[in-house]
Structures are given as structure tokens and as C-alpha cells.
2 protein chains.
Amino acid sequence: MGVSLRDVADLAGVSVKTVSNVVNGYAHVAPATRAKVEEALSRLDYRPNLSARNLRRGRTGVIALALPELDAPYFAELSRFVIDAAAEQRWLVVIEQTDGSLERERQILDGVRDHRVDGLILSPIAIGADELAARTDETALVLLGERIHDGPADHVAIDNVRAARDVTEHLIGLGRTRVAALGAQDSAVSGTAPLRLAGYREALAAHGLPETVVRVERYRRADGAAAMAGLLTGGDRPDAVFCFNDLLALGALRAILSRGLRVPEDIALAGLDDIEDGRYSTPTLTTVAPDKAELARIAVDLLRRRIDGRSGHAPQEVRAGYRLMARESTLGR
Amino acid sequence: MGVSLRDVADLAGVSVKTVSNVVNGYAHVAPATRAKVEEALSRLDYRPNLSARNLRRGRTGVIALALPELDAPYFAELSRFVIDAAAEQRWLVVIEQTDGSLERERQILDGVRDHRVDGLILSPIAIGADELAARTDETALVLLGERIHDGPADHVAIDNVRAARDVTEHLIGLGRTRVAALGAQDSAVSGTAPLRLAGYREALAAHGLPETVVRVERYRRADGAAAMAGLLTGGDRPDAVFCFNDLLALGALRAILSRGLRVPEDIALAGLDDIEDGRYSTPTLTTVAPDKAELARIAVDLLRRRIDGRSGHAPQEVRAGYRLMARESTLGR
DNA sequence: CAACGTTGTTCCAACGTTGTAAACAGGGGC
DNA sequence: GCCCCTGTTTACAACGTTGGAACAACGTTG
């Protein structure tokens, strides 16, 4: 093994505890002693053994971030911010991928128990509020990016309903009347899809326009392309499409362009997430930009409070900001 | 704290060590005893405390993956595979982001996080072979995606020179004669850029064609767009461009299209990495597809060997496979 | 100058686990 | 009936750390 407190203590000619005190910044250490110890510390290049420290303190200094898939750009971008925010608390972040499967989400929620992590930030897809409420484990938990009403855990997200309504209003504001929604899901118990759908419906209802809703299995480019292709072969072609995330929109864009139609002239297109790809597509993609840094910061902050002291008992519900980013895909004709 | 071996032992009426033996699958435990213990284990829902186990065993069960930035799609996709491959070894993966800064790479190599991780997979950008060789830390290390000749550590990558030559040959094969390379770098001591540049040069030289090399600061879409814009305002417009990664290519694509030029009719375009974005851009992007799953698997495997037993002493150099993916951006005219 | 408080340091125990070695029980061979 | 062997179980120590009690040294106060 490496250098231990005992080694340092021997070299400095003091007790192990004194070295520990120096390392931990305990106040009452004589300057001379402190100097001796610090000299020894740096001579030996001492690094605390964190397994031991954690065993003693009952903490691991590691939190888990569980999300559907790391290679979806939105989650990759979000992870980056979470890692950075966690680094400020001197936490390491391990990433778990659920693939959106209920199985995996259960497993992770459950497996958090083997004391490997102090807390968990979960971006749930499949699991329901009731099941979450029923969990016995007491590990700190923060839900990210989904709204489980009156949920059993702290939760941070943007206002999905309002964001969806804003985008839809934007499309309607262009003068489009056949506005489709792409990205509804059958399975999602409590995901964001129903919320975005609700926002879409609110906007259409407010203008007395008819709904067209297309379902998808997952939220990848391929799903967007396939769904869009279906929409284009149908009789009544939409003149605007709100995709529930940017990947779907980019897939849809591809499907539209490859059929010789134009965006935005023939079909205006908008997404949600503001992934970087959408800023460089042709045309660039109108979208909603959640404040990812804020989401991450809040999530880590909530987790810190839960871990530190019981931060009040009632689960908190925090909203992060977002901005509508109008780009080429919804320019007026 | 949670349930410990002692609790289980008390309930089962045996010693702590016997419970430990059952948990660890030790052979010589009487069936009756084993049954009793297992009953108690499940009654109490025992989970081993990994801090304690790791302290005892001198392992943490965690490896670090250090890469420039998680939100570059290539690294996000790669991370996914690394996490999956590590999961098979029952390792958790913590991700560190270097932002390609020498500072951060040093910091990570040196402080490999105290004793927090058993090994490190590093995708280096800035650090040089000499400095790597000089490192004192003995944590297992595998380099990923870069070729440091006769390096001091295990290393896995695709054959960047050959891959770059293949792409360039492909462009030349279309009948293009003014083939530019986009993505050279001044700073990189030993990055992939010089290797890709070398491959490009080999191909051009073989056909007696002139070189055009454009440098970039970093490998993001914005850099590709800016560099391409520069290339287009110059006098002698290229009729084909090999970008050193897909992000650069997508940025370049945007720059070309926004000037009213066509791809591939006016300019054929190819990248390298095979990120998903390039499969859905319009036109779709010709690229080299490194076998990311294989890269990850090999990296984890090399690391496992280093960690387990001293796996021979000579650093290994392993090549992963790749495929040229010809897509719309290089269709014949 | 004795009692006392303050400051600095050490000793001991404990966190939960597992390797080592020793103790123990039962069975077979003499 | 004794001994040894095998199989099973246990006691103990140790991994490196830190909280708390104990203790030593010192200066202050009555």
C-alpha cells in the first residue's frame, strides 16, 4: 500500500493522531509540531486512504448519476455540468446507464445501498411515483428532469408544460395551422412526454387548432426519422412539427429533406433540449434551451443538503429556467 | 450504518467469519450452517460495506476514465462502451474531464485521486511521452486513442495513419484533385493530429497531388465552421476536404452549405469518428468508424491485466479495427 | 505555592471486512 | 481407546483512519 499516517508519524516523531489532526486542520497544534509534520507529509507525499477514511466517517465521497444513455447528447452535456458541479463539493461522480429500462432503474435505486455512493441523481424514465415512494432505502436521492407530482424525493426540472406551450405558440405565431406533435409515448408512466404533450395541447386549444400527435418508441434520431416519414406519407401533411426533443427533430429533419421538402418553407420544425448538433444543422434548429448548468447545480445542491443534514423533510420541487431559441428551422416564410 | 456481518452473525448464531465465508462463497461450510446464514442474510438484507472490504483488500473497485470533454459525441459514445465493459468486471467508472489542458492531465495522472481508483484510462491530448514516462504514481494506466511511440504505458488505438490515408485515397478516388486537410494542430505534442496528417500526406504524395493543410485550435463544430469559412474565401477552393474528426466536418458542412455551395457536388467531405450526428446530417457524412466497443473492451482488458497481476512488464500496444463508411457526402458526381 | 484552566499531545477504540492460524468435532484406522 | 486426518468453525489481528478520553505541560490565579 501507499504511505500511511503511521509512516508520517514515525518520520515526524509524533503520534498518528497528531498527524491526523494536522491533515484535518485541527486548530490546537503547536506551530513547531505542525511544521515538522507538514515537512514529513510532503517528504513522503502522503495521500489519505479514502477507503479507510470513508469507513471511519461512513461516507464515500462519491455520488452516482443515473441516466438513460450517455451517448444521447442532451445527457452528455448535462453530465458534464453535473460532474463539474460535483467537483466543487469534492465529490466524484460515477455514471450508470439505465437505457430507460424499468429493470435497470429499479436495480440502481436498490443497489445504491451497498454503500458505494453517498447519493444518487436519477433521471428516471420508466419508474413510477408509487414505486419510488415505496423504496425503503434511505440514501439521498434527487430526481432530475422529470416531474413526478408530489413525489417522494427532491426534484429539479424545467417547466415542461410551459416550455412545450411556448414552442407550440411560436410555431402557431408563424401562421402555421397544421401543427403536429412528435414524441408522445405510450409507456411512460410519468415521464416528460405527457407534460410536453399537455403543453402542446394547451396551445392548440387556445387557438382552436386541430391536434396531430405521433408516438415514438424512444427518443433517438432514428425514431424521429421514422415517425416523420410516416407523417409525410399520410394525407394531411403538417406545416409545422414540434418534436419533443432535438434528436427526434434532427431525425425528422433528415426525413423531410431527403424527400425533397424544405425546412422551414414547407414544414417548420422545432425541438427541445438545445443540443449542440441543432446549432450546426442545416437549417439550424429552433429549440428550447433548458439551463443545463442550473439544472446540474441545483441537483447537486439538493443532494448536498439531503446528505448533510436532513434538509427539512418535505421533498422539494425546484424549477430551472429555459429559453426559446428561434433559429432557421422556424424562420417566417 | 447499515447491516453488518456482525448483525447477521448474531441472528444466525455463528461467528462473523463464518458469515464472511458464506458471503464469499468459501467451499467448506456445512450445508446446514450455510442455510442458516443465508436465511439471516436475506432476512436482514445484508450488503457488504465496500469501504471496509476495499480497505481490507487494498482495492476500490473503481476506475477512472479521463477524457477531454464528455459532451463531444465521440467521447460520450466511447464512454458508454467503457462503462459497459467495466461493468462486466464489476467496476464502477468515474469520469474526469481534462478539457484537453496539460494542467488537468498532469493533475489527474499524478493525483490519481488519492487511493480512490484502482486504475486509469486516459485519453491524452496535451501530455507528452517523456512526461508520462517520468510519472511516479504506480496506479495502473491505459492510454486510449493516441499513439505515443514506445510509450511507458499500455495503449490502444486505431491505426490513425492508415485510416487517414484510406479516407484521403477515397476522396482522390472520386477524381478530386484539390484535397484539403482540416484539423492539423500546432500544439499537440503527440496527439492524433500529426498521425492523421501523415496519412493524408502519404496518400497525396502517392498521387502527386498538392497539399492544403488548415490548422484548428480545438476539435469542435465551431472550429470546423470557422476553418472552412477561411478555406472558402481563399483563392483556390478545394474540391474535397478531409476533416480530422466528425465534429469539424459537421461544422465545415454547415459553413459550405450556408454559402450556397453543394456537398458533395462542389466539395466532397469526409470526417473521422463515426458519431451518430453524421449519420443524420444532410448529406450524411462519410467517415471512418473506429470500433468503439472494441477500443473500450481492449482498454478495460489491458487495465484489468495490469491491476490483477503484473501483466508482463513491457507496455503493450494494441490496435483496434476501423471501417470506412462511405456516405452521401462523398457520392460520385 | 497549590489549585486550576488552557493548550497540546497521546492512547485507545472503533468503523466492517477478511487472512491466518488455531480450535474443535467427527470418523476411520490402528 | 488412542491418534491422526479431514472438514468446519472460530478467535484474533490487521487494513488506515478519526472521535473521544486521558494525560502532560504550562501559565495563570487566588
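The values are calculated or read from the model by the stated rules, or taken from the named source; none is laboratory data. Being a predicted model, the structure only gives us computed values, none of them experimental. Cβ sites come from the backbone with ideal geometry, for glycine too, and all protein chains shown count toward neighbours. Areas reflect the complete protein model, heavy atoms only, side chains present, ligands, DNA and RNA absent. Shrake-Rupley method; radii C 1.70, N 1.55, O 1.52, S 1.80 Å.
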Those residues of region B:197-211 that are open to solvent by 60 Å² or more (accessible area, probe 1.4 Å) and not in a helix (DSSP H, G or I) come to a total of 4
Scan region B:57-80 and give yes if some residue there is among the polar types (S, T, N, Q), closer than 30 Å to residue B:124 by Cα, surrounded by fewer than 22 Cβ atoms within 10 Å (Cβ to Cβ) and more than 16 Å from DNA strand C (Cβ to nearest atom), otherwise no.
no
Those residues that are within 42 Å of the chain's Cα centre (by Cα) and assigned to a helix (DSSP H, G or I), I need them from region B:39-56; list them, please.
B:41, B:42, B:44, B:50, B:51, B:52, B:53, B:54, B:55, B:56
I'm checking my understanding of the structure. Among residues of region B:1-38 that are under 25 Å from residue A:56 (Cα atoms) and within 7 Å of DNA strand D (Cβ to nearest atom), which one is nearest to the chain's Cα centre (by Cα)?
B:21
Is it the case that region A:134-152 has a residue that's among the aliphatic types (A, V, I, L, M) and at the interface with chain B (Cβ under 8 Å from one of its Cβ atoms)?
no
Give me the pairs: first residue in region B:260-272 and part of a loop (DSSP other than H, G, I, E, B), second residue open to solvent by less than 30 Å² (accessible area, probe 1.4 Å) and of a type in the set (D, E, K, R), beta-carbon distance under 9 Å, and six or more apart or on different chains, which are they?
B:266/B:239; B:267/B:176; B:267/B:239; B:271/B:246; B:272/B:196; B:272/B:246
Regarding region A:157-166, can at least one residue be identified that is open to solvent by less than 50 Å² (accessible area, probe 1.4 Å) and in contact with a Ser or Thr (Cβ under 6 Å, 6 or more places away or on another chain)?
yes
Would you confirm whether any residue within region B:125-140 is touching a strand residue (DSSP E or B) at 6+ places or on another chain (Cβ under 7 Å), in the same structural domain as residue B:78 (by TED's automatic domain parsing) and at pLDDT below 95?
yes
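Out of the residues in region A:47-56 meeting the condition of being under 22 Å from residue B:108 (Cα atoms) and open to solvent by 20 Å² or more (accessible area, probe 1.4 Å), tell me which one is farthest from the other protein chains (Cβ to nearest Cβ).
For region A:47-56, the residue satisfying everything is A:53.
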Looking at region B:233-241, is at least one residue outside any loop (DSSP other than H, G, I, E, B), under 25 Å from the mean Cα position of the chain (by Cα) and either buried (at least 22 other Cβ atoms within 10 Å of the Cβ) or more than 12 Å from every other protein chain (Cβ to nearest Cβ) (or both)?
yes
With respect to residue A:24, determine if the residue is within 14 Å of chain B (Cβ to nearest Cβ) and not aliphatic (A, V, I, L, M).
no
Candidate set from region B:259-290 (those that are in contact with a Gly (Cβ under 7 Å, 6 or more places away or on another chain) and at the interface with another protein chain (Cβ under 9 Å from one of its Cβ atoms)); member that is modelled with the lowest pLDDT:
B:280
With respect to residue A:18, is the statement that it is β-branched (Val, Ile, Thr) and in the same structural domain as residue A:301 (by TED's automatic domain parsing) true?
no
Filtered residues of region A:1-21 (kept if loosely packed, with under 15 Cβ neighbours inside 10 Å, in a loop (DSSP other than H, G, I, E, B) and within 11 Å of DNA strand C (Cβ to nearest atom))
A:13, A:15
Yes or no: residue A:291 farther than 17 Å from residue A:172 by Cβ, surrounded by fewer than 20 Cβ atoms within 10 Å (Cβ to Cβ) and among the acidic types (Asp, Glu)?
yes
Of residues in region B:84-101 being more than 8 Å from every other protein chain (Cβ to nearest Cβ) and open to solvent by 40 Å² or more (accessible area, probe 1.4 Å), the one nearest to residue A:98 (Cα to Cα)
B:87
Could you list all residues from region B:22-38 that are open to solvent by 40 Å² or more (accessible area, probe 1.4 Å) and either within 11 Å of DNA strand C (Cβ to nearest atom) or not in a loop (DSSP other than H, G, I, E, B) (or both)?
B:23, B:24, B:25, B:26, B:28, B:30, B:31, B:32, B:34, B:35, B:36, B:38
